[in-house]
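The values are calculated or read from the model by the stated rules, or taken from the named source; none is laboratory data. Since this is a predicted model, take the numbers as computed values, not measurements. Here Cβ is always computed from backbone atoms with ideal geometry, including for glycine, and neighbour counts include all displayed protein chains.
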Amino acid sequence: MGRLFGAVKDLQTCSESVKETGLPVYIYGMGSGGEKVLAWCREHGIEVRGVFASDGFVRGQSFCGYRVMTLREAEEREGRLTVLLAFGSELKEVMAQVESIENRHPLFAPDTAVIGSGFFDREELFKNIDRAEKALELFEDGLSQKTFIGLTAFKLTGRLSFLREIFCDEKKPSPLLELGKEEVCCDLGAYNGDTVSGFVRAAGGYKKIYAMEPEKRNFQKLVRNTAGLDDIELINCAAWAYDTTLAMEGGSGRQARLTPQTGDLAAGIAARSLDSVLCGRECTYIKYDVEGADIPALEGSAGTIKRYRPKLCCALYHRCYDYIDIPLYISERFGYKKFFIRQAPYYPAWETELYAVH
């Protein structure tokens, strides 16, 4: 076996560690994240004693049959407890609060899919360890290799300490992309325009921007926030493998995912391939943050990628094995040779990004 297997083979899994504490288990957080952690507990035979939230979010709420408590109430009831983190944040004050709880109680973050369903599983990883080792070997620099191994260790164990070892405060988009003033940028999943603004600052200028965003309220913000920019084309649609209409399944939160539409097309979400949007026009940089539709969106960019060999930036955190599957797909499908991975400070492992360049 290879380097990755050697680094993680003896690690205790998250579920094993939770059971070993012998303490009552409480979920920290609500919403779809809380639902996913509850499902993870059921899958692993872990009894959940209660749910708590930050003081400002309690307000007499109930969640999945549990009365939502404050941490102090849970501590008065139990003394020590095992805490399962069920939400994500990059806010320093929130991360500090999580660390404060971690210092008093065993705390874990089960690795559940941000989009759709599913959990990171040791048996699944080891069944596909050759693919994982192959993905690790794509990364040339030491920080990327350390990040890949650290991510795997976190996903297996749920321990935030493995994340802290690989946090990187590098500016976004990364200097590794070497963006310049002649870039033609395609922002797939432009949200409210924040990544467009980040691109313009990093590049110091640009030749043209295409920005795609499917959600109508986000698109309205995108229009407002980019009103002062020239040579920008805004497209209110999702990025996909081909032009179609998509359905949003699972609501509007972390459970949601885009799938091909099979009913009333008028009720769906417009989706287009990047190749269709550009019609052969130039592109030098593509950013993908498309809520778990990364492989279809990459496939819909195939003509553009093969013709222009643009720099690529891809989110790697929406599904549990994205950090393995997406680099391998880009390597095998498009022949890119230089890959980097960076983990922004975030609990749990969200905002993980891949950079691929020729």
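The figures follow:
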| read-out | value |
| --- | --- |
| Subset of the range 321-330 (residues that are surrounded by fewer than 21 Cβ atoms within 10 Å (Cβ to Cβ) and of a type in the set (A, V, I, L, M, F, W, C)) | 328 |
| Residue pairs meeting the criteria (Cβ under 8 Å; at least 6 apart or on separate chains; first farther than 14 Å from residue 109 by Cα, in the range 19-38; second crowded, with 21+ Cβ neighbours inside 10 Å and of a type in the set (Val, Ile, Thr)) | 21/82; 23/82; 24/82 |
| Scan of the range 209-238 for residues that are part of a helix (DSSP H, G or I) and surrounded by 20 or more Cβ atoms within 10 Å (Cβ to Cβ), ordered by number | 219, 222 |
| Scope the range 103-124; condition part of a helix (DSSP H, G or I), in contact with a helix residue (DSSP H, G or I) (Cβ under 9 Å, 6 or more places away or on another chain) and surrounded by fewer than 18 Cβ atoms within 10 Å (Cβ to Cβ); matching residues | 104 |
| Among the residues listed as 90, 73, the single one being charged (D, E, K, R) and either over 22 Å from residue 150 (Cβ atoms) or surrounded by 13 or more Cβ atoms within 10 Å (Cβ to Cβ) (or both) | 73 |
| Those strands (runs of 3 or more DSSP E) lying entirely in the range 239-349 with at least 1 residues modelled with pLDDT of 95 or more, under 28 Å from residue 145 (Cβ atoms) and not assigned by TED's automatic domain parsing to the domain that holds residue 151 | 285-288, 311-315, 338-343 |
| Output for the range 33-56, where each listed residue is aliphatic (A, V, I, L, M) and touching a Pro at 6+ places or on another chain (Cβ under 8 Å) | 37 |
| Among the candidates 50, 56, 45, 60, residue that is farther than 26 Å from residue 153 by Cβ and part of a loop (DSSP other than H, G, I, E, B) | 60 |
| Residue list for the range 21-32, filter: closer than 24 Å to residue 95 by Cβ and either part of a loop (DSSP other than H, G, I, E, B) or modelled with pLDDT under 95 (or both) | 23, 29, 30, 31, 32 |
| Answer residue from the range 153-208, given it is touching a residue at least 60 places away in the same chain (Cβ under 8 Å), hydrophobic (A, V, I, L, M, F, W, C) and not in a helix (DSSP H, G or I) and is nearest to residue 288 (Cα to Cα) among those | 188 |
| Residues (on the phi > 0 side of the Ramachandran plot and of a type in the set (Gly, Ala, Ser)) located in the range 54-76 | 60, 65 |
| Filtered residues of the range 173-193 (kept if under 22 Å from residue 278 (Cα atoms) and either surrounded by fewer than 17 Cβ atoms within 10 Å (Cβ to Cβ) or polar (S, T, N, Q) (or both)) | 180, 181, 182, 192 |
| Checklist (1) in a loop (DSSP other than H, G, I, E, B); (2) more than 26 Å from the chain's Cα centre (by Cα); (3) not basic (Lys, Arg) applied to residue 74, failing item | (1) |
| Criterion (assigned to a strand (DSSP E or B) and either modelled with pLDDT under 95 or surrounded by 16 or more Cβ atoms within 10 Å (Cβ to Cβ) (or both)) met by exactly one of 68, 37, 18 | 68 |
